[in-house]
1. Would you please name the residue that is farthest from the chain's Cα centre (by Cα), looking only at residues in the range 273-315 that are within 30 Å of F133 (Cβ to Cβ) and of a type in the set (G, A, S)?
2. Quick one: in the range 481-498, which of the residues that are surrounded by 21 or more Cβ atoms within 10 Å (Cβ to Cβ) and within 13 Å of the ligand (Cβ to nearest atom) is nearest to I135 (Cα to Cα)?
3. For the condition surrounded by fewer than 24 Cβ atoms within 10 Å (Cβ to Cβ) and among the acidic types (D, E), what is the one hit in D269, D291?
4. Assuming E501 fulfils every condition listed in (1) buried (at least 16 other Cβ atoms within 10 Å of the Cβ); (2) within 16 Å of the ligand (Cβ to nearest atom) apart from one, which condition is it?
5. Considering each of S517, S534 in turn, give the residue that is in the same structural domain as A466 (by TED's automatic domain parsing), crowded, with 19+ Cβ neighbours inside 10 Å and among the hydroxyl-bearing types (S, T, Y).
6. Among helices (runs of 4 or more DSSP H) lying entirely in the range 1-106, which contain 1 or more residues that are within 16 Å of the ligand (Cβ to nearest atom) and either open to solvent by 10 Å² or more (accessible area, probe 1.4 Å) or at pLDDT 95 or above (or both)?
7. Can you tell me which residue is nearest to the chain's Cα centre (by Cα) among those in the range 122-142 that are open to solvent by 10 Å² or more (accessible area, probe 1.4 Å) and over 18 Å from V265 (Cβ atoms)?
8. Please work out which residue is nearest to V75 (Cα to Cα), limiting yourself to the range 107-147 and to residues that are of a type in the set (G, A, S), more than 13 Å from the ligand (Cβ to nearest atom) and outside any loop (DSSP other than H, G, I, E, B).
Amino acid sequence: MAIQNLPTQVFAGQRPGTSGLRKKVAVFMQPRYLENFVQALLDVLNGLAPDGQVGTALQGQTLVLGGDGRFFNRVAVQTILKLAAVNGVQRVLLGQGGILSTPAVSAVIRRRQAFGGIVLSASHNPGGPDGDFGIKYNASNGGPANEALTEAVYARTQALSQLRISDAPDMDIDTLGSSQIEQMQVEVIDPVADYVAVMRDLFDFDMLRGLFKQGFTLRVDAMNAVGGPYAKAILEGELGAPAGSVVNAVPLEDFGGLHPDPNPVNAEDLIAHMSAADAPDFGAAMDGDADRNMVLGRNFVVTPSDSLALMTAHARLIPGYSSGLLGVARSMPTSAAVDRVAKALGIDCFETPTGWKFFGNLLDAGRVTLCGEESYGTGSSHVREKDGLWAILFWLSLQGATGRSVESLVREHWATYGRNYYSRHDYEAIPTEVADGLMVALRAALPRLQGAQLGTRTVVLADDFAYTDPVDGSVSAKQGVRLVFDDGARVIFRLSGTGTEGATLRIYLENYEADVSRQDQPVQAALADLVAISEQVAGVRERTGMVGPTVAT
Ligand code: G16
C-alpha cells in the first residue's frame with residue numbers, strides 16, 4: 001500500500017445545495033469528481049490556513065460513513081475510505097455493505113461521539129445508472145453541515161490541484177468487524193442496532209406490541225430503499241406487526257425503478273392499498289434514505305404540515321416527550337398549522353429557511369424539540385435529521401395511546417385549530433435561465449405587490465424571506481418570495497435546491513379555514529383562487545410554456 005499524490009482538476013458546479021452535493025450518477029462517475037469533492041471536504045475538516053496549508057484536526061478522530069445503497073454507493077464508499085485513510089482520519093464506522101439511513105448516520109455520530117459523518121444519498125431522487133447520486137457531510141451534532149462549512153468546501157473544490165489517496169485494494173465492506181487500511185481502522189457496524197436503541201428510548205414498545213396483538217394492521221412502503229431493513233427490524237421484528245406489513249423492504253440500487261419520494265403521486269401503490277375496501281388501519285412510506293415520511297389513514301392522507309401540528313399537540317402522550325416540548329420549528333414554506341398549536345401550548349415556534357440544517361442550532365441550543373417541513377419531513381431532538389421511521393412510530397403511538405384512527409385525530413385537530421388547506425405545485429426541469437428570470441421579476445415586483453388587492457384579498461406582506469439564526473446570528477437571505485394575505489393565506493415561490501435537471505420552481509399555496517362545515521373541500525378546489533393569483537403574479541405559463549405543474553401534492 002502506498003500513498004499517491006494525484007493531480008486533480010476543478011469541476012464546475014460542486015457547490016452543495018439544500019442538502020449536500022446532488023448530481024446525475026454520470027457526473028459523479030467522471031474520473032476524480034467524487035475524489036475532488038471528498039479531498040476538499042477532508043482538507044476543510046483538517047483545518048485550512050489562509051495560505052492553503054492543511055492542518056491535522058482529523059488526527060485521532062472517527063468518521064461515520066454510509067449511504068442509502070443506491071447505484072454507485074459501494075464504489076463511492078471504497079473511494080472515500082482510500083482518501084480518508086491518508087488524510088488523517090483514525091477510524092471509520094462504516095454501515096455494513098455501505099448502508100446507513102440518513103437518520104441512522106445521525107444517531108451513530110451522536111451515540112458514538114464521532115467527529116462527523118458522510119452520508120451518500122440523493123434522498124428522494126431516483127437512483128440507478130441514469131439516476132442521481134449525492135454526498136453530504138454531517139457534523140459532530142449529527143446534523144447537516146452549516147452553510148459556512150459547505151461554502152468552505154466548495155471554495156476548496158475550486159482551488160484544489162492534488163489528491164492524496166491510498167492505492168490499497170478495495171476492502172471487504174460486508175463482514176462485520178474491524179480491519180485496517182493504511183493507518184486507519186475501519187469498523188463495519190450493524191446499520192440498524194444504534195438506531196433501534198434510540199427508538200426504544202423514545203417510544204413505549206410494550207404498548208405498541210399490545211396494539212399489534214389486538215390485531216392492528218399497517219402497511220409501510222419502504223419503496224425498495226434503505227428504510228426497509230430498519231422498518232422490518234422494528235415493526236415486524238421488535239413489535240410483532242404481521243409479517244409482510246413492510247413492503248418493498250429490500251434496498252435496491254435503482255429502487256426497483258420506483259421514484260422513492262413518499263408523496264401521493266410517487267407512492268401511488270400505497271395510496272391504492274389505503275383506499276381499498278380491505279385497507280389496513282395505518283399506512284406510511286419513506287424515501288430513498290428513510291428521512292422523509294408520508295402517513296395515511298384509511299383513504300386519508302395526512303399533509304406533512306398537519307402531521308407536525310398534530311405531533312406537537314399530542315407529544316406528551318409519547319414517553320420521550322412526556323415532559324412537554326421546548327419549542328417547535330418549521331421551514332418558512334411549511335403551513336402555519338403548527339404555529340396555532342404552539343401558541344395554544346405557550347411555546348416558541350420558529351420559522352426557518354428550507355433545509356434541515358437550519359434546525360440544528362435551535363435543537364442544539366435547547367430551543368426546540370420538534371421540527372418539520374412541508375417536504376414530507378418531521379423529526380425531533382433525538383437526532384439532527386428528519387426521521388421517517390420515527391414519524392411512523394410516533395403516529396402508531398398516537399393511535400395506540402388514544403385508540404383513535406388517523407382520520408379522526410386529524411379531523412378533531414381541524415375542529416379545534418382550523419384547517420390549513422395546503423398544496424405544493426412543482427414545475428420541474430425548467431431551463432435555469434427561465435427560472436432565474438422568473439424569480440428576478442418576482443423580486444422586482446415586490447414593492448408593487450405590497451398592499452396590492454389580488455382577487456378578494458389584500459397583500460399584507462410581500463417580501464423575500466431572510467432568516468437571522470437566533471443562536472449564532474448568521475443571516476441567510478433570498479430564501480423565497482412570499483405573499484401573505486389579510487386572511488392568513490400565503491403564496492410562496494422558490495427554486496428547489498435539490499434537483500439535478502434544470503431548475504424546479506416550487507409554488508406553495510396555503511389557505512386557512514376555521515369553519516368546520518367548510519373543512520371538507522377537495523384541496524385543489526379550496527386553493528384554486530390562490531393558484532390563479534400565483535399565475536397572475538408570476539406568469540409561469542407564459543414564461544415556461546408549461547400549462548400546469550409537473551407534480552402537485
Ligand atoms: C432536503 C432538505 C429539506 C428540504 C428538501 C427540499 O430534503 O433536507 O430540508 O425541505 O430537501 O428542498 P428543496 O425544496 O430545496 O428541493 P431531502 O429529503 O431531499 O434530503
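The values are calculated or read from the model by the stated rules, or taken from the named source; none is laboratory data. Note that this is a predicted model, so its numbers are computed, not measured. Positions of Cβ are generated from backbone atoms using ideal geometry, with glycine treated the same way; all protein chains shown enter the neighbour counts. What goes into the accessible areas is simple: the full protein's heavy atoms, side chains included, and nothing from ligands, DNA or RNA. Shrake-Rupley method; radii C 1.70, N 1.55, O 1.52, S 1.80 Å.
1. G283
2. R494
3. Numbers: D291 fails: surrounded by fewer than 24 Cβ atoms within 10 Å (Cβ to Cβ).
Step by step, each of D269, D291 is checked, and only D269 is surrounded by fewer than 24 Cβ atoms within 10 Å (Cβ to Cβ) and among the acidic types (D, E).
4. Single failed check for E501: (1).
5. On the way: S517 fails: crowded, with 19+ Cβ neighbours inside 10 Å.
Among S517, S534, only S534 is in the same structural domain as A466 (by TED's automatic domain parsing), crowded, with 19+ Cβ neighbours inside 10 Å and among the hydroxyl-bearing types (S, T, Y).
6. Numbers: elements: 25-28, 33-46, 73-84.
The helices (runs of 4 or more DSSP H) meeting that bar are 73-84.
7. Going through the qualifying residues, I end up with K136.
8. Residue satisfying both the conditions and the ranking: G117.
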